[in-house]
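Beneath this line is the structure, given in structure tokens, with notes to follow.
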Amino acid sequence: MKKKVYIETYGCQMNFSDSEIVGSIMTNNDYEVTKIINEASLVFINTCSIRDNAEQRVSRRLKELRALKKKNPELKVGLLGCMAERLQDKIFEEEVVDLIVGPDAYRDLPNLLNAVDKGQKAANVILSEEETYDEIEPVRLDNNGISAFISIMRGCQNFCSYCVVPYTRGKERSRNPETIINEAKNLFEKGYREITLLGQNVNSYSWDGDESINFAILLEKVALINPLLRIRFATSHPKDISDELLHIVAKYDNICKSIHLPVQSGSSRILKLMNRKYTREWYMNRIEAIKRIIPGCAISTDIITGFCSETEEDHKETISLMEWVGYDYAFMFKYSERSNTLAAKKMKDDIPEEVKSRRLEEIIDLQRKLSLESNNNDIGKSFEILIDGTSKRSQLKLSGRNSQNKVVIIPKNENQLGDYITIKIKGCSSATLISE
Ligand code: 5AD
Ligand code: SF4
């Protein structure tokens, strides 16, 4: 009988995609992936370091695993991902951990597990300049059979001053486009209808083969696989989102009209300290380009509040920019200092916790209002939606997404997962649209 591994993922979509690569490596090496932790002989925690609270969540989880291991002393625990990379063998202070593996070392898992099986502790946190897990076909973990992630590049070398990612995921490298297209084709043939191309900064995708391929060209090639395959992508950096890319998005109906463009702050002074390499004006120019080239495109963002030296004036500039853009959706965070980053080394984390919290609340309240406004504007309009799940609230309802990535709740009727249907919106909340 095959041994069973349970994989739990924290953090971003990239990490989720990595867990699927890990799942694939494990299933090729005498394991099967289980969704029931109690039947596993091996537990992997794929971790995130982006903010202190992400790491604390993992620390609490490790304490729970200690209790599980008491009941089942044979159980082995592996810590994967960004925290493994950042903390390296300091993590062995948490006695429950048998194995630590950084984001570029997953091919070494079978080897490392041999050592663990002999009762040793094992680690590999070497970062690579080439690893893209090119030809590994991910095992789809959280499977609705409709939507899947495809990782197209790894790493990041933008060195935003607050960000730990360049240290945990290493240098930027792009994956061979042929393997990306094959993976997308295979998914389509298996019945998948939506893929999200993932990278820390997809706009700087670049491949030099017989032909030089940038992200706009890659996106077009993927869109041409089949008009019934929807394409999304994340994340774009404002400094290099080109008009060429926007024109490709506009040209193909199956490229979703939704762009995630993290602004982080509305103040040019703070953006400079963050080393974002663009100003408020540059960002506004890119938003104007999106609205001009792709009318009706949804725009979402990430915002950090309470970054080093942020004044009330800076905060107000963030608020006025949010209003000016009219974001459909936003992820908002309090600044959390990460050791070794440029900000940790050179700047003071000097905004008191209560000020960070108050500013965060203000922008969350504003975003709720903006999302509701945006959804209200959709009432009476018709959208094509792809059905991808059942409603969380009612078994009699299904949920889907429109091209703008908004969740739409529809009655079950004859509809099925994977169907495209066109519906009219009759109501909404700030989080969802409701159809007839
Ligand atoms: N503190 C708070 N938020 C952060 N992010 C990245 N680093 C930090 C940090 N140190 C946010 C950014 C990024 C998102 C993924 O997480 O907004 O876009
Ligand atoms: Fe993803 Fe960044 Fe968290 Fe790593 S630190 S898992 S790259 S969000």
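Structural remarks
- Only residues that are open to solvent by less than 10 Å² (accessible area, probe 1.4 Å) and more than 8 Å from ligand 2 (Cβ to nearest atom) were counted in the range 8-17, giving 1.
- Members of the range 328-365 found to be within 13 Å of ligand 1 (Cβ to nearest atom), within 17 Å of Q264 (Cβ to Cβ) and not hydrophobic (A, V, I, L, M, F, W, C), listed by number: K334, Y335, S336, E337, R338, T341, D349, K356, R359
- The residues on offer are K316, K345, and the sole one that is exposed (fewer than 13 other Cβ atoms within 10 Å of the Cβ), in the same structural domain as P227 (by TED's automatic domain parsing), of a type outside the set (S, T, Y) and more than 25 Å from the chain's Cα centre (by Cα) is K345.
- Taken together, the residues in the range 292-320 that are on the phi < 0 side of the Ramachandran plot, within 16 Å of ligand 1 (Cβ to nearest atom) and touching a helix residue (DSSP H, G or I) at 6+ places or on another chain (Cβ under 8 Å) amount to 10.
- Hits in the range 388-405 - residues which are in a loop (DSSP other than H, G, I, E, B) and either among the aliphatic types (A, V, I, L, M) or under 14 Å from E194 (Cα atoms) (or both): L396, S403, Q404, N405
- For A54, the requirement of being within 16 Å of ligand 2 (Cβ to nearest atom), open to solvent by less than 20 Å² (accessible area, probe 1.4 Å), in the same structural domain as A105 (by TED's automatic domain parsing) and small (G, A, S) is met.
- Residue that is farthest from L366 (Cα to Cα), among those in the range 285-308 that are open to solvent by less than 40 Å² (accessible area, probe 1.4 Å) and out of contact with any strand residue (DSSP E or B) (no Cβ under 9 Å at 6 or more places or on another chain): I293
- Selection count where residues are within 10 Å of ligand 2 (Cβ to nearest atom), open to solvent by 30 Å² or more (accessible area, probe 1.4 Å) and on the phi > 0 side of the Ramachandran plot, scope the range 148-172: 0
- Checked against the criteria, L273 does not count as within 28 Å of F383 (Cβ to Cβ) and either assigned by TED's automatic domain parsing to the domain that holds R368 or buried (at least 16 other Cβ atoms within 10 Å of the Cβ) (or both).
- Filter result for the condition that a residue is basic (K, R) and in contact with an Asp or Glu (Cβ under 7 Å, 6 or more places away or on another chain), over R269, R286, R276, R292: R269
- The criterion of being touching a residue at least 24 places away in the same chain (Cβ under 8 Å) and open to solvent by less than 20 Å² (accessible area, probe 1.4 Å) does not hold for I225.
- The residues of the range 18-50 that are over 23 Å from F149 (Cα atoms) and either crowded, with 19+ Cβ neighbours inside 10 Å or not assigned by TED's automatic domain parsing to the domain that holds V116 (or both), listed by number, are A40, L42.
- Of the residues making up the range 63-86, those that are surrounded by 20 or more Cβ atoms within 10 Å (Cβ to Cβ), out of contact with any Cys (no Cβ under 9 Å at 6 or more places or on another chain) and farther than 22 Å from N114 by Cα number 1.
- Strands (runs of 3 or more DSSP E) lying entirely in the range 47-128 (those with 1 or more residues that are within 20 Å of S24 (Cα to Cα), β-branched (V, I, T) and touching a strand residue (DSSP E or B) at 6+ places or on another chain (Cβ under 8 Å)): 76-81, 99-101
- Residue ID - nearest to ligand 1 (Cβ to nearest atom), chosen from residues in the range 14-30 that are within 20 Å of R61 (Cα to Cα) and polar (S, T, N, Q): N15
The values are calculated or read from the model by the stated rules, or taken from the named source; none is laboratory data. As the structure is a computational prediction, the values presented were derived from the model and not from experiment. Heads up, the Cβs are rebuilt from the backbone with ideal geometry, glycines too, and the neighbour counts pull from every protein chain shown. When the accessible area is computed, the model is the full protein with side chains, heavy atoms only, and any ligands, DNA or RNA have been set aside. Shrake-Rupley method; radii C 1.70, N 1.55, O 1.52, S 1.80 Å.
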